[in-house]
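Bear in mind that the values in this text are calculations on the coordinates, not laboratory data. Predicted model, so just to flag it, every value in this text is computed and none were measured. Positions of Cβ are generated from backbone atoms using ideal geometry, with glycine treated the same way; all protein chains shown enter the neighbour counts.
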Amino acid sequence: MDTKQTLENLINQFNSDNLNSLLRAKSRTFRRIDESLLHLNDDQFNNCTLFGEFKVGDEDLMVVITSKVNKPLSERTGKKAQYTFGKKFLKESQRYIGGFFIFYDDKGDFRFSLIYDIPLSTGKRDWSNFRRYTYFVSSSKANKTFRLQFEKADFSDFDKILKAFSLDAVTDEFYNSFKPNFDLISASVKGTSNEELKKDFALLFIIRVIFLGFVQKKLWLNKDEDFILNFWKEYKTKYFGKNLFYNEWVRPLFFESLNNPPGRKVFNRTTPFSENTALALQMAPYLNGELFKEKKGYDDCDLFIPDINIEQFFDFLFSYNFTIEENTLYDQDLELNPEFLGIIFERLVNKEDGAVYTPRTEVDFMCRISLVKWLEKNSNVAKKKLYHLFFDKQNENSKEEILNEDEKVHILSLLKNVTVCDPAAGSGAFPVGMLQVLDEVIHSLTANDETNIFERKKEIISRSLYGVEVKHWAVWINQLRLWLSLFIDMPDEFKSSFEPLLPNLEFKIRRGDSLVQIIGNKLFTVESHANISPELKRKITELKKEKSDFFFGKSRLNADLIRKKEADIFKAIIEEQILDKKKTLKVFGKEEANEDIFGSISQKEELRLHLDEKKQNEIKEQIKNLEEELRSIKDEHPLVWNIEFAEIFFDRNGLASQSLSDGGFDIIIGNPPYVRQEKISDPNGKFETTEYKELLRQTIYEEFPEHFYLKKDKSKLKIKIDGKSDLYTFFYLKSLKLLNEKGVHTFICSNSWLDVGYGKWLQEFILENVKLDFVIDNNAKRSFSSADVNTIITVIEATNQKVNENHKAKFIVYKRPFDEVLNTENLLLVEYAETITKDDDFRVYPITYKELKEAGTVYEDEQAKKLGQGIYEGDKWGGKYLRAPDIFFTILEKGKDKLVRLGDIAKIKSGIITGDNNFYYRFKETDYDKKKFEVAFKSPKDVTTIMINGKDTKYVILKENRFLHKRARILTGDTKNDKFIFHLNSDNILFEHKFIGIDNYKDEVKLIYILNSTLIAFISEVFGNSNLGEGALYLVPRDIKIFIIPNPDYIDIKYNFIKSFLTRRIKSIFEELGFDKTKPIRSQNPNPLPDRKALDDIIFDALGLTQAEREEVYYAVAELVQNRLNKAKSV
């Protein structure tokens, strides 16, 4: 019997024999035991049985436990108790690394769950971080995900078992089916030839249908869990092929039944409904919330989808189980839940724009750490208590016991009024994640509060959650996710409500460009028009109430009228400023010149009059600009932060701010899109690419003029944004501006800014303006397996004063997956770490701002260094503090007085860039014209020894004055694979830009020995860039300049020391160190070539490294190279 049939048998009839057949089919080592576990029977579980066990790998065992539950199973019932049951068994047995726990009921429905242990560095055991991998299976349901995953599952290896329960694997499977079905239905849309409109219309249809899939799951549509399919079947039986289903059945369902209170009859005269269906439509719940209102530009365009295409999509979608709850940190279902759909939509529409869906674990951690750091700044509660409050696992401690009564009241007040915004909201991972965390913690602190979860969540969304997203589809998905989060907890008695059930989210998740706010020709900064009158503050407070009423469905105004009020208030702000400046001009006009007793005007008085005239002209120009702004503002305008969120920037918590700088969000959180500079374009399509990139830069300059412009001349820049900057760097600065002065900023994004050249300006900005608390990396598992990007999490505090140079930024590397190590104990160790702290779970490297600045600053000479007159050139924050092996820090510690930056003792040069190598270079002939040509090194591949001269190159180059200074006594190639060579250019000949030159050092021979030591190969790996493809390590002059090397003054090496080393061919690093690169490096003993060892020993002796530390350098460099090359092969 094949696996497919075995699965069918188990689904259709759950019994011991069918379960046994499945387990035997999946594991050759499965052994049935059938041992009764009477001590586990209680009022919830009976017939508890140790069904069997099987091997995974060579030694580990997995257990299979079955138990009958005393109440009917469903997607939601009893999961917590079932998990506790499984954990209890595993803790008691101590024999198994995990197990399958299968719970079944009288009907034969069953839940198939995986629970496993995680050994901790402390010697204790944890349990899947309270995260369950589980399938609910019923013969009355489609069970498609369970069928697909288990049909191809392999239980021989634990990693393969995890894959069968992996959300990533399930997502991939569903997406691969969903995408072609989406393409078919969008292509089928009739009534337009606009492909984008077709896609958007199809997507809107799918979103609404999916929401109804969850509504019918609660039996709120005619008490029928399959209402939509039965609705279709009735139409199909009578009218199939007329292509009227969308217009005459779907539209009445969407825009009449679900958009009006129960009791309103829905008519359809052409293709009438049956009496039963008509009654179901009449009594459908009043959902509202804008989801089932006609949207301009989509639902009013006479578009429709043919019958056959709707049927095909229904057949696909409803072959999967729907489960009406979001995944949380503690629970993960592998069916169609709201988070699952968020992932799908993100992949479907947004990946091409650099956005990827943030995994649940990362979202949850970022929400919690943001709230901890914000409360640390805004409350007087000890940080240790805050960590326990947010990171202790459910039921690990009673959370109300963590705080005393006064602290509880204080924290609750703050949490109920915190404002959180995601400026690149995507499909809603962070708004939903923050909703879940706030709900959990508020609920834990209000144990006696009888407010139901639905009302509590609605209040959290109303008061705390905001987002902006440039794509309208993403706004729809955000709203869908939030609506579903509310709907799943909506009490059953609400289904007959005459009030709209869903809140209006129009002003919570807004559409627009988060980065560039421009109306007409005017760029609007976040602090534009900061000061306002008491009368306008009153109007903004009224607007805030109007928005709140609109959210709850109580407003007398519709969305368009509220948007008009927003624009009117902004116009009034500008009019006030114009009036104020005109009053100032009148004051100038009344002042007359003061004459002396002789009727003359003094020199001092002339200067005052000149300054007054200059000031008047400035004010006139300001009035002119303001009047132009006023004319440009229309009711329909692009997003402007302090128009759309006036209640945040001008009316914080009901208290009108004295100025806009007092306002702003408490927390900015998100995952901004990663878009390389050559792919950046205007998301709204209004500006050409070059123009939009300039607007991006100009926006950031204007948001932070004190940082970017010269103090004496605000028209000139002192710091420029690198033209190669990725889009996410602009999100960093723009969103920092959205914070109030006690706010917290948490992003997960590409780690490239930590090391690449364009990260220099962002590093410098952070060091000058804000407090970087944490930079968090994970060496064990990438956050985004589906995206070719390595990410870090940063936590930054806003500040209104200069950052203390002794503030410590902490660079944290986790050595195991986040869901195994992000616990209270580890986080507190990180929080209180003052020096390098490490164990099997993590390493934290605290470093002061003073040290970070110094490490990245280059000085012209020693005098400039003494005067502190250097230029910040950036540093390798990622390579040095995150990715570097532990031995790097040992070297820094032991060699702190014996190490120097290469750029501080020598000049680093770039090579020749001809613009046309074919024209300038020639093969070197014996009789080449030396008046026209000169010998030059063209490619690092041509030279394989340390000592090189003119005889080692095949090329000559056409002489031009612009080339002739491109000489250096030491050269190295800019790209490394597994060979590391610095060349002594004994004839000082010209070199091409694929080389980097090192010159002007007093003892070049001593330096060449040092640079060819294994230590510098290791430093190259730490400081180089390895994300450019094909496994190559890439270096630029800036990297070489900040190389940390042993100070040559401490090294005693003569020219004749191992002279043969300078002239022999340098081999791969594996051969040089005596490793077989095809085997694990740590399984071998290093055996360096004799001349290399002799050289290395001199370097290591100078640094005082022990024998074990010397070997660790060898292991580390070989592993770094091996991992780099192997990673390239696996991509």
Amide proton proximity set for Y709, modelled H, under 5 Å, gap of 5+
K718
Label segment 175-351 by shape, choosing from rounded, prolate and oblate, from the square roots a ≥ b ≥ c of the eigenvalues of the Cα gyration tensor; if a/c is under 1.5 it is rounded, and otherwise prolate applies when a/b is larger than b/c, oblate when it is not.
oblate
Residue by residue through segment 616-630, what is 3J(HN,Hα) from phi via Karplus (6.51 cos²θ - 1.76 cosθ + 1.60, θ = phi - 60°)? Round to whole Hz and write x for glycine and proline.
4, 5, 4, 5, 4, 5, 5, 4, 4, 5, 5, 5, 5, 4, 4
State the extension gain, in nm to one decimal, for the chain segment bounded by K377 and I871, taking 0.36 nm per residue of separation less the distance between their alpha-carbons.
174.6 nm
Ranking F980, F54 by Cβ neighbours within 10 Å, fewest first, what do you get?
F54, F980
Do the alpha carbons of any pairs in K571/K620; K714/K909; K508/K724; K711/K760; K838/K909 sit beyond 28 Å of each other, and which pairs?
K714/K909; K508/K724; K838/K909
Starting from the Cα gyration tensor of the chain, take the square roots of the eigenvalues, sort them a ≥ b ≥ c, and report rounded, prolate or oblate (rounded when a/c is under 1.5, otherwise prolate if a/b is larger than b/c, else oblate).
oblate
What list of ³J(HN,Hα) couplings, whole Hz, do you get for segment 937-952 from phi and the Karplus terms 6.51, -1.76, 1.60, once you set θ to phi - 60° and write x for glycine and proline?
8, 9, 9, x, 5, 7, 10, 10, 10, 6, 7, 9, 8, x, 6, 8
Treating each Cα of segment 904-1130 as an identical point scatterer and ignoring solvent, apply the Debye formula and state log10 I(q)/I(0) at q = 0.10, 0.18 Å⁻¹.
-0.47, -1.37
Using a basic spin-label model with each label point 7 Å from the Cα along Cα→Cβ, how many nm lie between F240 and E702?
6.0 nm
Rounded to the nearest Å, the spacing of the alpha-carbon centers of segment 21-76 and segment 1084-1098 is 56 Å
Below 8 Å, C-alpha to C-alpha, sequence gap of six or more: please give me the relative contact order for the chain in percent.
7 percent
Could you please tell me the mean projected area of the C-alpha convex hull for segment 993-1091, averaged over all directions and given in square nanometres to one decimal?
8.1 nm²
Can you give the extra length, in nm with one decimal, that the chain gains between T1078 and L414 once fully stretched, where that is 0.36 nm per residue apart less the Cα-Cα distance?
233.3 nm
Segment 963-1002: which trypsin sites (Lys or Arg not before Pro) are DSSP loop and have at most 11 other beta-carbon atoms within 10 angstrom?
K1002
Can you list the residues, at least 5 places off or on another chain, whose amide H is less than 5 Å from the amide H of E873, using H built in the peptide plane?
T857, V858
Want the number for N949 to K4: 0.36 nm per residue separation, take away the alpha-carbon distance, what's left?
333.2 nm
As a footprinting exposure proxy, order K734, K152, K771 by other Cβ within 10 Å, with the fewest listed first.
K152, K771, K734
Rank these for me by crowding, W761, W473, going from fewest to most other beta carbons within 10 Å.
W473, W761
Cα centroid separation, segment 859-915 to segment 225-301 (Å)
69 Å
Under 5 Å between amide hydrogens, which residues at least 5 positions from R1064 or on another chain qualify, with H placed 1.01 Å from N in the peptide plane?
I946
About the Cα centre, charge dipole magnitude for segment 860-925 (Lys/Arg +1, Asp/Glu -1 at Cβ), debye
180 debye
How much FRET efficiency would the formula 1/(1 + (r/R0)^6) give for E542 and E613, where r is the Cβ-Cβ distance and R0 is 35 Å, rounded to 0.05?
0.25
So what's the gap between the Cα centers of segment 1003-1020 and segment 1033-1053, to the nearest angstrom?
7 Å
Mean separation of Cα contacts under 8 Å (at least 6 apart) over the residue count of segment 3-165, i.e. the relative contact order in percent, is 20 percent
Mean separation of Cα pairs under 8 Å and 6+ residues apart, divided by the residue count of segment 175-351: what relative contact order is that in percent?
27 percent
Of all DSSP beta bridges located in the chain, what percent are antiparallel, nearest 5?
70 percent
